[in-house]
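Below: one structure, written as structure tokens.
The values are calculated or read from the model by the stated rules, or taken from the named source; none is laboratory data. What you see is a predicted model; the values in this text were computed from it and never measured. A quick note on method: Cβ atoms are made from the backbone with ideal geometry, for glycine too, and the neighbour counts reach across all protein chains shown.
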Amino acid sequence: MKPEGTFRQRAKEALADKELRGNFRRAMDSLMVKRANQFSDVDEWTRLRSLGEAVRKRTLEKLPDLLEKLETNCKKNGIQVHWAETTDEANQIILAILQRRGAKKVVKGKSMVSEEMHLNAFLGEHGITALEADLGEYIVQLAEQMPSHIIMPAIHLNRRQIADLFKKKIDGFEYTESAVEMTAAAREVLRREFSEADAGLSGVNMAVAETGTIVLVENEGNGRMVTTVPPVHIAVTGIDKIVENLEDVTPILSLLPRSATGQDITTYVNMISSPRKEGEKDGPEEVHLVLLDNGRTRIHADPETRQTLQCIRCGACMNHCPVYTKVGGHAYGGVYPGPIGKILTPQIEGIEPYGDLTSASTLCNACVEICPVKIPIAQMLVRLRNEAATGCPESSVKEAGVKKSTVEDMVWKGWSTSHSSPAAYSMMTAVLGMTGNMMPKSAPMLKEWTSVRAKPKFAKKSLHRMVKKLGVDDE
Amino acid sequence: MSNAARDRILGRLRQSTPGPKAPVSDFSIMEERQWSPEERTNRLVEKMGAVNTEIHQTTADDWPLKLAEVIKVKQAKNLLFAKTTWAGERIASAQQEFDFLFCDDADVNIKDLAFKAEASLTTTLGGVADAAALVLWPTPVEPRLVSLVPPIHIALLEEDKISNSFAEVIKTGDWSSNMPTNALLVAGPSKTADIEQELTYGVHGPKELVVLLIKK
Ligand code: SF4
């Protein structure tokens, strides 16, 4: 998928939208405070976070073995496991399951991977309705938009906008801007859907290899509904969302909600280890787990980029990013916005369509400081910028080198030569001192440089020369 | 398709360049906090209360009375519960002012019943003090929908079954060799903050969670 326009264009539009900026500012400020309150004990934060990092790194180190173990244990429990290399394959797998069951209507819990797959649109093309049940996702679906935050999908809209939307889309909705009443309206619509749906679809927060368990965390109960009421449950996950042991779940259960929304724990932690067993009166007859690669094996290939896969999708990096909090999620043009999006999206979708995201950062390190699993996001941004511009042939990064520019290369070569030879250096500064200011703003590279900065002014004499003239030895 | 995909995915992962060894996972932080029984109760009551759980402290003798009182205040016309649990036996044997809906009748359509019920009662496996939540293992007798669909969920929690942490629960209960179809932690009533971050209770799950805390 190629986004429309460039990040720069989209960001410019977002910055001019006062309502949007207000909506984000309010939300992000409160989330930052709530998270900070959770981690006021520095010792606890440091140790818990190191454990979170260790658990995720160990998973990635053993990933192929753990995936096999997960498959074996899921099968033992009666959960059917499917593997997909591409989003297209994953969509086909899900379609086949639904068609076999004659399913026409699917209710969904929140799943970012299904967004990656554009699953709703795909099912729609095949005559199957997929209805989002998480309130935020439901709102975004009614608005025919993409989520703008991975935890709070509709954070870009305010209550007036949502009320307008409900008025337009929900039959019999009496206009109100009360969050309580709007929530009640959505509850009523979705209750009916839960009880009538032919299948439920969910994401996965963690899949436990040791026990073959799917762990889902949520506040609303929609995740429990979609995994309990319909006769079929299909869970989709990237191959990275695995943990080795049940014990490994415990630090992540603590880090995830506290980082995401400042809660001690989500309202529900839902652990599913099998379909309905003999004698049980409810729960789905079939449970399927779809494991999706979609570029993750490539990200895994290199030890540095592999760290991207440590992510537990808490969204805290978004809430703390000075760029995200101003431009919002849609400016990133992909499924995953904010700092994690800047490193994940170009690696999944390619540098060609999404490489410009890597420069949408000041490298201020705010995300690195709060990331609960210590992903060095800033370092990864620099790596991806390098990959975009240089592209060594063995690189594992998708479309490395596509942003290579001959002019830029020449300038850097010139810079390197002039800085490694005293004669060339003194000649360069002399020439720039005399003619540099005559360079028009529109000159190649200077144009990009000056688009957001003042044009540099060259002094007639370089500092180096003046100091030398004062008799300071420069050797 | 899928087997070839599986082999290729695993094959590629096995080719990945090894990196520095993963740091040792030191779990000490997960079980460091140990409280006295009283502290555990207080912590759970305080924290679950803060997310809108209604908690009544009662005793092994008095809880059925408390239950009847709660149902009366909430004006629920019926109660969905299992008549064959230790708790169910106590209620089902007495005359009550609400209708009984039994989730453990042999040929019950639990879905219809759950969507019809105005309140439900379940037992719990216990609770955890650190994050403050109930631990539930639905069973054939007390199915999954009972604690999920009715707008009011009333849960019985025995005070001596409150552990320090979830880490402790899975270890002492040997969960890893013993996982049920569905296990749950429940911290409060269903909630959302998806509209302008305004906290609103009762989206999809129960609007109210009532805990009858049975003191020893
Ligand atoms: S990169 Fe870190 S902070 Fe951002 S979503 Fe992932 S785990 Fe959370």
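Please work out if B:LEU65 is of a type in the set (A, V, I, L, M) and under 28 Å from B:HIS204 (Cα atoms). Step through it out loud before you land on a result.
Numbers: of a type in the set (A, V, I, L, M): yes; under 28 Å from B:HIS204 (Cα atoms): no.
So B:LEU65 does not fit the description; no.
Go through segment A:238-261 and give me each residue that's closer than 29 Å to B:GLY202 by Cβ and within 15 Å of the ligand (Cβ to nearest atom).
Once the filter is applied, which keeps residues that are closer than 29 Å to B:GLY202 by Cβ and within 15 Å of the ligand (Cβ to nearest atom), segment A:238-261 yields A:ILE252, A:LEU253, A:SER254, A:LEU255, A:LEU256, A:PRO257, A:ARG258, A:SER259, A:ALA260, A:THR261.
Name the residues in segment B:121-177 that are more than 10 Å from every other protein chain (Cβ to nearest Cβ), touching a residue at least 40 places away in the same chain (Cβ under 8 Å) and charged (D, E, K, R), would you?
B:GLU158, B:GLU159, B:ASP160
Yes/no per residue for (1) within 21 Å of the chain's Cα centre (by Cα); (2) at pLDDT below 95; (3) surrounded by 18 or more Cβ atoms within 10 Å (Cβ to Cβ):
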| residue | (1), (2), (3) |
| --- | --- |
| A:GLN9 | yes, yes, no |
| A:ALA36 | no, no, no |
| A:PHE39 | no, no, yes |
| A:VAL42 | no, no, no |
| A:VAL55 | yes, no, yes |
| A:LEU63 | yes, no, yes |
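Hey, can you tell me all the residues within segment A:263-300 that are within 16 Å of the ligand (Cβ to nearest atom) and out of contact with any helix residue (DSSP H, G or I) (no Cβ under 6 Å at 6 or more places or on another chain)?
The one that is within 16 Å of the ligand (Cβ to nearest atom) and out of contact with any helix residue (DSSP H, G or I) (no Cβ under 6 Å at 6 or more places or on another chain): A:ARG296.
Run down B:ILE91, B:ILE29 and say which single residue is touching a residue at least 12 places away in the same chain (Cβ under 8 Å) and either of a type in the set (Val, Ile, Thr) or in a helix (DSSP H, G or I) (or both). Give the steps one after another, and end with the answer.
Values: B:ILE29 fails: touching a residue at least 12 places away in the same chain (Cβ under 8 Å).
The unique qualifying residue is B:ILE91.
Take the residues in segment A:380-395 that are away from chain B (no Cβ under 14 Å) and touching a residue at least 24 places away in the same chain (Cβ under 8 Å); name whichever of them is nearest to the ligand (Cβ to nearest atom).
A:LEU381
Just the residues that are at positive phi and either buried (at least 23 other Cβ atoms within 10 Å of the Cβ) or at the interface with another protein chain (Cβ under 9 Å from one of its Cβ atoms) (or both), please, taken from segment A:281-296. Show your work before the answer.
Within segment A:281-296, the subset at positive phi is A:283, A:294-295.
Residue satisfying the conditions is A:GLY283 alone.
Quick one: A:ASN365 ticks every box in (1) within 13 Å of the ligand (Cβ to nearest atom); (2) surrounded by 22 or more Cβ atoms within 10 Å (Cβ to Cβ) except a single one, so which number is it?
Unmet condition: (2).
Could you count how many residues in segment B:1-14 are at pLDDT 95 or above and within 7 Å of chain A (Cβ to nearest Cβ)?
Qualifying residue count for the region: 8.
Among the listed residues A:VAL467, A:VAL368, A:VAL382, identify the single one that is farther than 30 Å from A:LYS241 by Cα, at pLDDT 80 or above and of a type in the set (Val, Ile, Thr).
On the way: A:VAL368 fails: farther than 30 Å from A:LYS241 by Cα; A:VAL382 fails: farther than 30 Å from A:LYS241 by Cα.
Answer to the check: A:VAL467.
Could you list all residues from segment A:301-336 that are surrounded by fewer than 23 Cβ atoms within 10 Å (Cβ to Cβ), within 16 Å of A:CYS367 (Cβ to Cβ) and more than 15 Å from the ligand (Cβ to nearest atom)?
Within segment A:301-336, A:LYS326 is the sole residue that qualifies.
May I ask you to list the residues in segment B:108-153 that are within 30 Å of B:GLU31 (Cβ to Cβ), in contact with a strand residue (DSSP E or B) (Cβ under 7 Å, 6 or more places away or on another chain) and of a type in the set (D, E, K, R)?
Within segment B:108-153, B:GLU142, B:ARG144 meet the criteria.
Quick one: which helices (runs of 4 or more DSSP H) sit completely within segment A:309-427 and have at least 1 residues that are among the acidic types (Asp, Glu)?
Helices (runs of 4 or more DSSP H) meeting the threshold: A:338-349, A:351-354, A:366-370, A:377-389, A:406-420.
Look at A:TYR354 and say whether it is among the hydroxyl-bearing types (Ser, Thr, Tyr), within 16 Å of the ligand (Cβ to nearest atom) and either out of contact with any His (no Cβ under 7 Å at 6 or more places or on another chain) or more than 23 Å from A:ARG56 (Cβ to Cβ) (or both).
Details: among the hydroxyl-bearing types (Ser, Thr, Tyr): yes; within 16 Å of the ligand (Cβ to nearest atom): no; either out of contact with any His (no Cβ under 7 Å at 6 or more places or on another chain) or more than 23 Å from A:ARG56 (Cβ to Cβ) (or both): yes.
Answer is no for this residue.
Exactly one of these conditions fails for A:CYS371: (1) more than 12 Å from the ligand (Cβ to nearest atom); (2) closer than 25 Å to B:PRO23 by Cβ; (3) crowded, with 24+ Cβ neighbours inside 10 Å. Give me its number.
All conditions are met except number (1).
Taking interchain pairs and intrachain pairs at least six residues apart, which have beta carbon atoms under 9 angstrom, with the first residue in segment A:268-280 and at the interface with chain B (Cβ under 7 Å from one of its Cβ atoms) and in contact (Cβ under 8 Å) with a residue 40 or more places away in the chain and the second crowded, with 20+ Cβ neighbours inside 10 Å and acidic (Asp, Glu)?
Partner pairs satisfying both residue conditions: A:TYR268/A:GLU218; A:TYR268/A:GLU220; A:VAL269/A:GLU218; A:ASN270/A:GLU218.
Between residues in segment A:66-88 that are within 11 Å of chain B (Cβ to nearest Cβ) and residues that are of a type in the set (D, E, K, R) and surrounded by 23 or more Cβ atoms within 10 Å (Cβ to Cβ), which pairs lie under 6 Å by C-beta distance while being six or more apart or on different chains?
From segment A:66-88, the pairs are A:GLU85/A:ASP293.
Confirm whether A:PRO303 is free of Cβ contacts under 8 Å to residues at least 24 places away in the same chain and either under 30 Å from B:GLY19 (Cα atoms) or away from chain B (no Cβ under 11 Å) (or both).
Numbers: free of Cβ contacts under 8 Å to residues at least 24 places away in the same chain: yes; either under 30 Å from B:GLY19 (Cα atoms) or away from chain B (no Cβ under 11 Å) (or both): yes.
Yes, satisfied.
Residues of segment B:178-216 being free of Cβ contacts under 8 Å to residues at least 12 places away in the same chain, facing chain A (nearest Cβ under 7 Å) and closer than 25 Å to A:PRO153 by Cα, which ones? It would help to see each step written out before you state the result.
Here is the first cut: in segment B:178-216, the residues free of Cβ contacts under 8 Å to residues at least 12 places away in the same chain are B:178-179, B:192-200.
Imposing the further condition that a residue be facing chain A (nearest Cβ under 7 Å) reduces the set to B:179, B:192, B:194-198, B:200.
The answer is B:THR192, B:ASP194, B:ILE195, B:GLU196, B:GLN197, B:GLU198, B:THR200.
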